[in-house]
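All remarks here apply to the structure that follows.
No value in this document is a laboratory result; all are computed from the given coordinates. Every value quoted in this text rests on a predicted model; they were computed, and no experiment measured them. Please note: Cβ atoms are built from the backbone with ideal geometry, for glycine as well, and neighbour counts cover all protein chains shown.
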Amino acid sequence: MLLPLMIGMDGYVLTHTYESVDVPTQEEVDAFLPRYDPLYKLDPEDPYTLGAFADPSLYQEMRYEIQRDALGSKDVVKEVARDFQAAFGRWMGDVVEPYMCDDAETIYIGLGTVVGTLKDWVDVRREQGGKVGALKLRCFRPFPNDELREALGNAKQVVVIEKAVSVGGYGIVAAEVRGALYGQPKTPPVVCAMTGLGGRDVTYEVLDEIQKRTEAGEMDFFAGLRTELLEAS
């Protein structure tokens, strides 16, 4: 499998601030990771073409193989997650990470750092008797359709905390979640709450707003807007 890998990272907070972290030693990392020796590389002693053009007679089969391997990579993600836990003694998750979802009637989905705030908010709402849960989406491609269906199977409603929007279309993650749940025996409605764009903090107040507007029946909306800026424009 020679597919490229992209790791997404939150801005602004993670990219411009710092905190204490537990970093493994170089010896531990070297013991866990294989030596980096790419199969294909630029070598004047062994020249060949990289990224060659594929015409219509080959392109479809090439894309099929890429799609096949991308779908198969989900098993690799899960295997490496277990290997990482065994090597370093901590579980970082694989493709999804449910939190308080077993009996939750409403499950909030998020990616990245917003999930930390979301979990704390869920704890507060649980203490107040609310049947809410959180689910962290850790792998976007391949999209974890089966794992989402299992984790959301008993929910009466799903709310996506959407920090990326395809302008003129839909919330990107919400569209994927709706597609994953479509046609299931019990398909909960999926709300798209767009907030936190550009790295703006998603606070308890914003999550409270999302909860209230969801309970009022709204399906696709921006939350946490600074109305004074809109009025000034």
Worksheet item: When the helix-only estimate is applied to the chain (DSSP H runs of n ≥ 4, each -39,500 (n - 2.57), divided by the residue count), what is the mean residue ellipticity at 222 nm, nearest 500 deg cm²/dmol?
Response: -12500 deg cm²/dmol
Worksheet item: To the nearest 10 degrees, how steeply does helix 114-127 sit against the main Cα axis of the chain, on a 0 to 90 scale?
Response: 40
Worksheet item: Quick one: helix 172-181 against the long Cα principal axis of the chain, what's the angle to the nearest 10°, folded into 0 to 90?
Response: 90
Worksheet, complete the sentence: Computed over the range 130-229, the convex hull of the Cα set has an average projected area, in nm², of 7.3
Worksheet entry | Principal axes of the range 1-116: Cα extent on each, largest first, Å | 53, 41, 32
Discussion item. Taking the 0 to 90 degree range and rounding to the nearest ten, how far is the long axis of helix 204-215 tilted relative to the main principal axis of the chain, both from C-alpha atoms?
Written reply: 70
Worksheet entry | Candidates Ser166, Ser57, Ser20, ranked by Gaussian network fluctuation over the chain, Cα under 10 Å, top entry | Ser20
Worksheet, complete the sentence: By Cβ neighbour count within 10 Å, fewest first, Lys212, Lys41, Lys136 rank Lys41, Lys212, Lys136
Worksheet item: Assuming a viscosity of 1.002 mPa s and a temperature of 20 °C, what translational diffusion coefficient in µm² per second does Stokes-Einstein assign to the chain, Rh being the Kirkwood radius over Cα pairs?
Response: 104
Practice prompt. Give the order of Cys139, Cys192 when sorted by the count of other beta carbons within 10 angstrom, beginning with the fewest.
Written response: Cys139, Cys192
Discussion item. If the elastic network links every pair of Cα atoms under 10 Å, which of Glu79, Glu205, Glu28 fluctuates the most in the Gaussian network model of the chain?
Written reply: Glu28
Fill in: Most mobile of Asp43, Asp146, Asp208 in a GNM of the chain (Cα contacts under 10 Å)
Asp43
